[in-house]
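The structure under discussion appears below in the form of C-alpha coordinates.
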Amino acid sequence: MITVITNARIFDGERVIDEHMVVIDGANVHSVGGVAPAGTTVIDAQGATLMPGLIDSHVHTDVDGLHDALLFGVTTELEMNGRWSTKQRKAISVRTDIADLRSPGMGVTAKGGHPAQYVRSSSNLFIRFFYHYPFVSTPAEATKFVGKQVARGADYIKVFIEDGSCVGFPGLPTIDDETLLATVKEAHRYDKMAIAHVTTVEGGQRAIAAGVDGLAHIFFDRQPTPKFVAAIASSGAFVIPTLVTISSAVGNNASALAADARVKCRLSQRWLDSLSRGINVYPRGKLQDVFSSVLALHKAGVDILAGSDVSEPVPSLGGLAHGASLHHELQLLVAAGLTPIEALRTATSTPARRFGLNDRGRIVAGARADLLLVDGDPTTNISDTLSIRAVWRRGVQLNTQKRATRKWS
Ligand SMILES: [Zn+2]
(Lines give C-alpha, C1' and ligand atoms only; values in the text may rest on other atoms or scores of the structure.)
Protein backbone atom coordinates (compact mmCIF):
# COMPACT_ATOMS: atom_id res chain seq x y z
CA MET A 1 0.00 0.00 0.00
CA ILE A 2 1.21 3.49 -0.89
CA THR A 3 0.49 6.56 1.26
CA VAL A 4 1.48 10.09 0.29
CA ILE A 5 1.90 12.82 2.90
CA THR A 6 1.80 16.25 1.25
CA ASN A 7 2.20 19.90 2.27
CA ALA A 8 4.19 19.03 5.39
CA ARG A 9 7.08 20.88 6.89
CA ILE A 10 9.67 18.09 7.07
CA PHE A 11 12.31 17.79 9.78
CA ASP A 12 14.41 14.92 8.40
CA GLY A 13 16.21 14.09 11.65
CA GLU A 14 18.94 16.65 11.01
CA ARG A 15 17.26 19.75 9.63
CA VAL A 16 14.17 21.21 7.98
CA ILE A 17 14.37 20.34 4.30
CA ASP A 18 12.97 22.12 1.25
CA GLU A 19 10.72 19.22 0.24
CA HIS A 20 7.13 18.91 1.49
CA MET A 21 6.10 15.43 0.39
CA VAL A 22 6.91 11.92 1.58
CA VAL A 23 5.78 8.71 -0.12
CA ILE A 24 5.40 5.64 2.08
CA ASP A 25 5.44 2.25 0.35
CA GLY A 26 4.71 -0.62 2.70
CA ALA A 27 6.99 -0.45 5.74
CA ASN A 28 9.44 2.02 4.23
CA VAL A 29 9.82 5.56 2.97
CA HIS A 30 9.80 5.22 -0.81
CA SER A 31 10.79 8.78 -1.64
CA VAL A 32 11.02 12.31 -0.32
CA GLY A 33 9.86 15.14 -2.59
CA GLY A 34 8.99 14.79 -6.25
CA VAL A 35 5.52 14.31 -7.71
CA ALA A 36 2.77 12.34 -5.94
CA PRO A 37 2.00 9.04 -7.69
CA ALA A 38 -1.56 8.83 -9.00
CA GLY A 39 -4.27 6.76 -7.35
CA THR A 40 -2.81 6.76 -3.83
CA THR A 41 -4.02 7.63 -0.34
CA VAL A 42 -3.08 11.28 0.14
CA ILE A 43 -2.81 12.88 3.57
CA ASP A 44 -2.80 16.66 3.46
CA ALA A 45 -0.44 17.77 6.24
CA GLN A 46 -0.95 21.51 5.82
CA GLY A 47 0.10 23.29 9.03
CA ALA A 48 1.87 20.23 10.38
CA THR A 49 5.45 19.00 10.73
CA LEU A 50 6.58 15.51 9.79
CA MET A 51 9.46 14.02 11.79
CA PRO A 52 11.13 10.65 12.18
CA GLY A 53 9.52 8.58 14.92
CA LEU A 54 11.19 9.46 18.23
CA ILE A 55 13.72 7.30 20.05
CA ASP A 56 13.80 7.20 23.87
CA SER A 57 17.37 6.18 24.72
CA HIS A 58 16.76 5.20 28.35
CA VAL A 59 13.76 3.15 29.49
CA HIS A 60 12.85 0.00 31.38
CA THR A 61 9.82 -1.36 29.65
CA ASP A 62 7.20 -4.02 29.00
CA VAL A 63 4.50 -4.43 26.34
CA ASP A 64 2.30 -1.84 28.08
CA GLY A 65 5.19 0.64 28.11
CA LEU A 66 5.85 0.01 24.43
CA HIS A 67 2.12 0.60 23.73
CA ASP A 68 2.11 3.96 25.51
CA ALA A 69 5.39 5.00 23.92
CA LEU A 70 3.97 4.53 20.43
CA LEU A 71 0.84 6.57 21.28
CA PHE A 72 3.25 9.47 21.78
CA GLY A 73 5.17 8.88 18.56
CA VAL A 74 8.08 7.18 20.33
CA THR A 75 8.64 4.41 17.80
CA THR A 76 11.75 2.92 19.44
CA GLU A 77 12.58 2.45 23.12
CA LEU A 78 16.14 1.60 24.12
CA GLU A 79 16.15 -0.31 27.36
CA MET A 80 19.00 0.12 29.86
CA ASN A 81 18.43 -3.02 31.99
CA GLY A 82 15.79 -5.69 31.56
CA ARG A 83 14.90 -9.29 30.85
CA TRP A 84 13.75 -9.47 27.25
CA SER A 85 14.65 -12.59 25.29
CA THR A 86 15.83 -12.48 21.69
CA LYS A 87 12.66 -14.33 20.66
CA GLN A 88 10.36 -11.76 22.29
CA ARG A 89 12.28 -8.90 20.72
CA LYS A 90 12.10 -10.44 17.26
CA ALA A 91 8.30 -10.67 17.59
CA ILE A 92 8.14 -7.02 18.75
CA SER A 93 10.23 -5.81 15.82
CA VAL A 94 7.52 -6.73 13.29
CA ARG A 95 4.55 -5.40 15.27
CA THR A 96 2.96 -2.11 14.30
CA ASP A 97 0.90 -1.51 17.48
CA ILE A 98 3.79 -1.05 19.92
CA ALA A 99 7.20 0.63 19.79
CA ASP A 100 10.32 -1.29 18.75
CA LEU A 101 12.88 -2.22 21.39
CA ARG A 102 16.60 -2.73 21.93
CA SER A 103 17.97 -4.06 25.21
CA PRO A 104 21.21 -4.90 27.01
CA GLY A 105 19.63 -7.65 29.08
CA MET A 106 20.68 -7.37 32.71
CA GLY A 107 23.32 -4.83 33.73
CA VAL A 108 26.58 -5.57 35.51
CA THR A 109 26.52 -4.62 39.20
CA ALA A 110 28.16 -5.43 42.54
CA LYS A 111 26.61 -7.66 45.18
CA GLY A 112 23.85 -5.58 46.78
CA GLY A 113 24.59 -2.79 44.27
CA HIS A 114 22.18 -0.58 42.34
CA PRO A 115 19.43 -1.32 41.41
CA ALA A 116 19.10 -4.26 43.84
CA GLN A 117 18.12 -1.85 46.66
CA TYR A 118 14.75 -1.37 44.92
CA VAL A 119 14.19 -5.13 45.23
CA ARG A 120 15.10 -5.05 48.95
CA SER A 121 12.74 -2.12 49.57
CA SER A 122 9.93 -3.42 47.36
CA SER A 123 6.42 -3.42 48.83
CA ASN A 124 5.92 -6.74 47.06
CA LEU A 125 6.97 -9.33 49.66
CA PHE A 126 7.47 -12.03 47.07
CA ILE A 127 9.92 -9.86 45.15
CA ARG A 128 11.63 -8.75 48.37
CA PHE A 129 12.31 -12.21 49.71
CA PHE A 130 12.54 -14.53 46.72
CA TYR A 131 14.06 -12.43 43.95
CA HIS A 132 17.85 -12.46 43.83
CA TYR A 133 19.39 -9.70 41.76
CA PRO A 134 22.30 -11.00 39.64
CA PHE A 135 25.69 -9.53 40.55
CA VAL A 136 29.41 -9.93 39.87
CA SER A 137 32.34 -9.71 42.32
CA THR A 138 35.44 -10.20 40.16
CA PRO A 139 36.71 -9.38 36.65
CA ALA A 140 36.33 -13.06 35.70
CA GLU A 141 32.69 -13.05 36.82
CA ALA A 142 32.05 -9.84 34.89
CA THR A 143 33.55 -11.35 31.74
CA LYS A 144 31.32 -14.40 32.10
CA PHE A 145 28.24 -12.27 32.85
CA VAL A 146 28.80 -10.14 29.73
CA GLY A 147 29.11 -13.28 27.61
CA LYS A 148 25.84 -14.54 29.04
CA GLN A 149 24.01 -11.30 28.17
CA VAL A 150 25.43 -11.39 24.63
CA ALA A 151 24.30 -15.02 24.24
CA ARG A 152 20.81 -13.94 25.32
CA GLY A 153 20.76 -11.31 22.59
CA ALA A 154 22.02 -8.14 24.28
CA ASP A 155 22.33 -5.25 21.82
CA TYR A 156 24.81 -3.46 24.13
CA ILE A 157 26.10 -3.91 27.67
CA LYS A 158 24.96 -1.90 30.69
CA VAL A 159 27.09 -1.43 33.79
CA PHE A 160 26.11 0.26 37.06
CA ILE A 161 28.39 2.65 38.97
CA GLU A 162 26.16 3.99 41.73
CA ASP A 163 27.22 4.73 45.31
CA GLY A 164 23.65 5.67 46.20
CA SER A 165 24.44 9.21 47.34
CA CYS A 166 22.23 10.89 44.73
CA VAL A 167 19.44 8.30 44.66
CA GLY A 168 18.47 8.14 48.31
CA PHE A 169 20.46 5.03 49.26
CA PRO A 170 23.90 6.25 50.42
CA GLY A 171 26.59 3.62 50.89
CA LEU A 172 25.70 1.25 48.07
CA PRO A 173 28.55 -1.04 46.99
CA THR A 174 29.91 -0.60 43.45
CA ILE A 175 32.12 -2.80 41.30
CA ASP A 176 35.85 -2.06 41.49
CA ASP A 177 37.87 -0.57 38.64
CA GLU A 178 39.31 -3.93 37.51
CA THR A 179 35.81 -5.43 37.23
CA LEU A 180 34.59 -2.31 35.42
CA LEU A 181 37.48 -2.51 32.97
CA ALA A 182 36.89 -6.22 32.36
CA THR A 183 33.22 -5.47 31.63
CA VAL A 184 34.04 -2.79 29.07
CA LYS A 185 36.78 -4.92 27.44
CA GLU A 186 34.53 -7.94 27.13
CA ALA A 187 31.68 -5.86 25.68
CA HIS A 188 34.08 -4.47 23.08
CA ARG A 189 35.42 -7.92 22.31
CA TYR A 190 31.86 -8.80 21.24
CA ASP A 191 31.66 -5.50 19.33
CA LYS A 192 29.00 -4.23 21.75
CA MET A 193 28.91 -0.80 23.34
CA ALA A 194 29.37 -0.52 27.10
CA ILE A 195 27.02 2.04 28.65
CA ALA A 196 27.44 3.14 32.26
CA HIS A 197 24.86 4.22 34.78
CA VAL A 198 26.41 7.08 36.76
CA THR A 199 24.91 9.90 38.84
CA THR A 200 28.06 11.48 40.31
CA VAL A 201 31.09 13.16 38.73
CA GLU A 202 33.31 10.56 40.38
CA GLY A 203 31.26 7.74 38.82
CA GLY A 204 31.47 9.50 35.48
CA GLN A 205 35.26 9.80 35.78
CA ARG A 206 35.56 6.08 36.54
CA ALA A 207 33.36 5.22 33.57
CA ILE A 208 35.19 7.45 31.09
CA ALA A 209 38.58 6.21 32.34
CA ALA A 210 37.41 2.64 31.72
CA GLY A 211 36.53 3.52 28.11
CA VAL A 212 32.74 3.31 28.12
CA ASP A 213 30.83 4.34 25.00
CA GLY A 214 28.12 6.29 26.77
CA LEU A 215 26.71 7.50 30.08
CA ALA A 216 23.08 6.59 30.78
CA HIS A 217 22.56 9.67 33.01
CA ILE A 218 24.38 12.92 33.51
CA PHE A 219 26.06 13.28 36.94
CA PHE A 220 24.16 15.68 39.18
CA ASP A 221 26.04 15.85 42.49
CA ARG A 222 28.12 18.75 41.15
CA GLN A 223 29.17 20.32 37.87
CA PRO A 224 32.06 18.83 35.90
CA THR A 225 35.34 20.76 35.58
CA PRO A 226 36.18 22.05 32.07
CA LYS A 227 38.95 19.43 32.07
CA PHE A 228 36.48 16.59 32.64
CA VAL A 229 34.11 18.00 30.00
CA ALA A 230 37.04 17.95 27.56
CA ALA A 231 37.92 14.40 28.60
CA ILE A 232 34.37 13.20 27.88
CA ALA A 233 34.42 14.96 24.51
CA SER A 234 37.76 13.43 23.50
CA SER A 235 36.65 9.98 24.69
CA GLY A 236 33.85 10.09 22.11
CA ALA A 237 31.29 8.93 24.67
CA PHE A 238 27.69 10.10 24.38
CA VAL A 239 25.58 11.26 27.32
CA ILE A 240 21.88 10.54 27.94
CA PRO A 241 21.14 13.23 30.55
CA THR A 242 17.65 11.95 31.59
CA LEU A 243 16.77 15.46 32.80
CA VAL A 244 13.19 14.40 33.52
CA THR A 245 14.39 11.85 36.05
CA ILE A 246 16.88 14.27 37.61
CA SER A 247 14.15 16.92 37.79
CA SER A 248 12.03 14.41 39.74
CA ALA A 249 15.03 13.44 41.92
CA VAL A 250 15.63 17.06 42.97
CA GLY A 251 12.00 17.48 43.98
CA ASN A 252 10.03 18.63 40.94
CA ASN A 253 6.96 16.79 39.75
CA ALA A 254 5.53 16.67 36.26
CA SER A 255 1.95 17.56 37.20
CA ALA A 256 1.87 20.36 34.60
CA LEU A 257 2.66 17.75 31.94
CA ALA A 258 0.04 15.38 33.38
CA ALA A 259 -2.52 18.20 33.17
CA ASP A 260 -1.68 18.91 29.50
CA ALA A 261 -4.76 17.80 27.52
CA ARG A 262 -2.45 16.28 24.87
CA VAL A 263 -0.93 14.01 27.54
CA LYS A 264 -4.04 13.40 29.63
CA CYS A 265 -5.99 11.89 26.72
CA ARG A 266 -3.32 9.23 26.14
CA LEU A 267 -2.47 7.93 29.63
CA SER A 268 -4.28 5.81 32.21
CA GLN A 269 -5.12 7.39 35.57
CA ARG A 270 -2.45 5.31 37.25
CA TRP A 271 0.24 6.69 34.96
CA LEU A 272 -1.14 10.24 35.28
CA ASP A 273 -0.97 9.90 39.07
CA SER A 274 2.58 8.60 38.82
CA LEU A 275 3.58 11.43 36.46
CA SER A 276 2.21 13.93 39.01
CA ARG A 277 4.53 12.69 41.75
CA GLY A 278 8.19 13.63 42.29
CA ILE A 279 10.69 11.23 43.88
CA ASN A 280 12.66 13.98 45.69
CA VAL A 281 15.61 11.76 46.68
CA TYR A 282 18.20 14.53 46.19
CA PRO A 283 16.54 17.79 47.29
CA ARG A 284 19.84 19.68 47.49
CA GLY A 285 20.39 19.22 43.75
CA LYS A 286 19.75 22.17 41.45
CA LEU A 287 18.24 21.54 38.04
CA GLN A 288 19.79 24.79 36.74
CA ASP A 289 23.28 23.42 37.54
CA VAL A 290 22.46 20.22 35.65
CA PHE A 291 21.26 22.30 32.70
CA SER A 292 24.67 24.06 32.72
CA SER A 293 26.46 20.70 32.70
CA VAL A 294 24.41 19.48 29.73
CA LEU A 295 25.06 22.69 27.81
CA ALA A 296 28.80 22.53 28.54
CA LEU A 297 28.95 18.96 27.20
CA HIS A 298 26.85 19.87 24.16
CA LYS A 299 29.07 22.87 23.38
CA ALA A 300 32.17 20.67 23.73
CA GLY A 301 30.77 18.43 20.98
CA VAL A 302 29.54 15.54 23.14
CA ASP A 303 26.57 13.74 21.55
CA ILE A 304 23.50 14.30 23.74
CA LEU A 305 20.76 11.65 23.49
CA ALA A 306 17.21 12.13 24.79
CA GLY A 307 16.19 9.52 27.33
CA SER A 308 13.66 9.48 30.15
CA ASP A 309 14.51 6.49 32.40
CA VAL A 310 10.81 5.74 32.64
CA SER A 311 9.88 2.30 33.96
CA GLU A 312 6.84 1.55 36.13
CA PRO A 313 4.12 3.67 37.77
CA VAL A 314 5.33 3.16 41.34
CA PRO A 315 5.98 5.90 43.96
CA SER A 316 9.77 5.41 44.04
CA LEU A 317 9.93 6.15 40.31
CA GLY A 318 7.43 9.04 39.99
CA GLY A 319 7.44 11.99 37.62
CA LEU A 320 7.65 9.84 34.50
CA ALA A 321 5.45 8.11 31.91
CA HIS A 322 6.29 6.17 28.75
CA GLY A 323 6.20 8.37 25.67
CA ALA A 324 5.06 11.55 27.42
CA SER A 325 8.33 11.93 29.32
CA LEU A 326 10.42 11.86 26.16
CA HIS A 327 8.53 14.96 24.98
CA HIS A 328 9.14 16.47 28.42
CA GLU A 329 12.86 15.64 28.06
CA LEU A 330 12.98 17.57 24.78
CA GLN A 331 11.41 20.57 26.54
CA LEU A 332 14.02 20.39 29.31
CA LEU A 333 16.88 20.08 26.81
CA VAL A 334 15.64 23.32 25.23
CA ALA A 335 15.41 24.88 28.71
CA ALA A 336 19.05 23.83 29.17
CA GLY A 337 20.04 25.82 26.09
CA LEU A 338 19.81 23.52 23.06
CA THR A 339 17.89 24.93 20.11
CA PRO A 340 14.64 23.09 19.28
CA ILE A 341 16.31 21.51 16.21
CA GLU A 342 19.31 20.39 18.29
CA ALA A 343 16.89 18.90 20.81
CA LEU A 344 14.96 17.05 18.08
CA ARG A 345 18.22 15.51 16.83
CA THR A 346 18.79 14.02 20.32
CA ALA A 347 15.68 11.87 19.84
CA THR A 348 16.11 11.03 16.14
CA SER A 349 19.31 11.04 14.06
CA THR A 350 21.79 11.11 16.95
CA PRO A 351 20.59 7.98 18.84
CA ALA A 352 20.10 6.21 15.49
CA ARG A 353 23.72 6.91 14.58
CA ARG A 354 25.13 6.04 18.00
CA PHE A 355 23.15 2.80 18.34
CA GLY A 356 23.70 1.70 14.74
CA LEU A 357 19.95 1.92 13.98
CA ASN A 358 20.68 2.72 10.36
CA ASP A 359 17.12 2.15 9.20
CA ARG A 360 15.55 4.89 11.33
CA GLY A 361 15.97 8.33 12.91
CA ARG A 362 16.02 9.99 9.47
CA ILE A 363 13.43 10.66 6.78
CA VAL A 364 15.20 9.47 3.64
CA ALA A 365 14.30 7.10 0.81
CA GLY A 366 14.65 3.52 2.04
CA ALA A 367 14.34 4.29 5.76
CA ARG A 368 11.62 2.52 7.65
CA ALA A 369 8.41 4.50 7.80
CA ASP A 370 8.44 5.18 11.54
CA LEU A 371 7.01 8.69 11.45
CA LEU A 372 5.41 11.33 13.65
CA LEU A 373 3.18 14.11 12.30
CA VAL A 374 2.44 16.99 14.67
CA ASP A 375 0.47 20.23 14.36
CA GLY A 376 2.57 23.38 14.42
CA ASP A 377 6.32 23.70 14.23
CA PRO A 378 8.42 21.95 16.90
CA THR A 379 11.58 23.18 15.15
CA THR A 380 10.75 26.60 16.62
CA ASN A 381 8.38 25.66 19.49
CA ILE A 382 9.47 22.38 21.07
CA SER A 383 6.19 21.88 22.94
CA ASP A 384 4.50 21.29 19.56
CA THR A 385 5.94 17.75 19.52
CA LEU A 386 2.99 16.87 21.78
CA SER A 387 0.40 18.15 19.28
CA ILE A 388 0.26 14.71 17.70
CA ARG A 389 -1.78 14.35 14.53
CA ALA A 390 -0.57 10.92 13.37
CA VAL A 391 1.97 8.20 14.09
CA TRP A 392 3.22 5.51 11.72
CA ARG A 393 5.16 2.42 12.71
CA ARG A 394 6.56 0.46 9.77
CA GLY A 395 4.22 2.36 7.47
CA VAL A 396 1.05 1.53 9.42
CA GLN A 397 -0.83 4.49 10.85
CA LEU A 398 -1.76 4.13 14.48
CA ASN A 399 -5.01 5.29 16.01
CA THR A 400 -3.41 7.66 18.54
CA GLN A 401 -6.69 8.73 20.10
CA LYS A 402 -7.30 5.24 21.43
CA ARG A 403 -5.76 4.42 24.80
CA ALA A 404 -3.80 1.23 24.91
CA THR A 405 -5.21 -1.69 26.83
CA ARG A 406 -3.00 -2.29 29.79
CA LYS A 407 -3.01 -4.45 32.83
CA TRP A 408 -2.61 -1.45 35.13
CA SER A 409 -5.46 0.75 33.88
ZN1 LIG B 1 17.45 3.39 34.16
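Go through (1) closer than 30 Å to Asn399 by Cβ; (2) within 16 Å of the ligand (Cβ to nearest atom); (3) modelled with pLDDT under 90 one by one and return the number of the condition Leu78 breaks.
Here Leu78 meets the rest and fails (3).
Suppose we keep only residues that are farther than 14 Å from Thr49 by Cβ and among the aliphatic types (A, V, I, L, M) within segment 1-31. Which one would you say is modelled with the lowest pLDDT?
Looking at residues that are farther than 14 Å from Thr49 by Cβ and among the aliphatic types (A, V, I, L, M), I get Met1.
Of the residues Val108, Val146, Val119, only one is within 15 Å of the ligand (Cβ to nearest atom), surrounded by 13 or more Cβ atoms within 10 Å (Cβ to Cβ) and touching a residue at least 24 places away in the same chain (Cβ under 8 Å); which?
From the options Val108, Val146, Val119, the qualifying one is Val108.
Out of Phe169, Phe238, I need the residue that is within 16 Å of the ligand (Cβ to nearest atom) and surrounded by fewer than 20 Cβ atoms within 10 Å (Cβ to Cβ). Which one?
Within the list Phe169, Phe238, the selection yields Phe169.
I'd like to check something: does segment 204-214 contain any residue that is closer than 30 Å to Ala324 by Cα, within 16 Å of the ligand (Cβ to nearest atom) and in a helix (DSSP H, G or I)?
Within segment 204-214, one or more residues are closer than 30 Å to Ala324 by Cα, within 16 Å of the ligand (Cβ to nearest atom) and in a helix (DSSP H, G or I).
Conditions first: (1) surrounded by fewer than 24 Cβ atoms within 10 Å (Cβ to Cβ); (2) farther than 13 Å from Leu54 by Cα; (3) away from the ligand (no atom under 16 Å from the Cβ); (4) within 19 Å of the chain's Cα centre (by Cα). Trp271 passes all but one, so which condition is the exception?
(1) is the only condition that Trp271 fails.
Can you tell me how many residues in segment 81-101 are within 16 Å of the ligand (Cβ to nearest atom) and not in a strand (DSSP E or B)?
4
Give me the residue from segment 219-231 that is surrounded by fewer than 24 Cβ atoms within 10 Å (Cβ to Cβ) and touching a residue at least 40 places away in the same chain (Cβ under 8 Å) and, out of that set, nearest to the ligand (Cβ to nearest atom).
Asp221
When the residues of segment 12-67 are filtered to those that are in a loop (DSSP other than H, G, I, E, B) and touching a Pro at 6+ places or on another chain (Cβ under 8 Å), which remaining residue is farthest from the ligand (Cβ to nearest atom)?
Asp12
Can we say Asp377 is in contact with a Pro (Cβ under 7 Å, 6 or more places away or on another chain) and either in the same structural domain as Ala27 (by TED's automatic domain parsing) or closer than 19 Å to Val94 by Cα (or both)?
Judged against the criteria, Asp377 is not a match.
Filter segment 180-203 for residues that are away from the ligand (no atom under 16 Å from the Cβ), touching a residue at least 24 places away in the same chain (Cβ under 8 Å) and assigned to a loop (DSSP other than H, G, I, E, B) and give the result.
Tyr190, Lys192
Quick one: which residue in Ile388, Ile341 is in the same structural domain as Ala259 (by TED's automatic domain parsing) and at pLDDT 95 or above?
Ile341
Kindly indicate whether Gly168 is on the phi > 0 side of the Ramachandran plot and touching a residue at least 12 places away in the same chain (Cβ under 8 Å).
Criteria met by Gly168.
The values are calculated or read from the model by the stated rules, or taken from the named source; none is laboratory data. In this text the structure is predicted, and so the values were computed from the model without any measurement. No Cβ is skipped: glycine too gets one built from the backbone with ideal geometry, and neighbour counts run over all protein chains shown.
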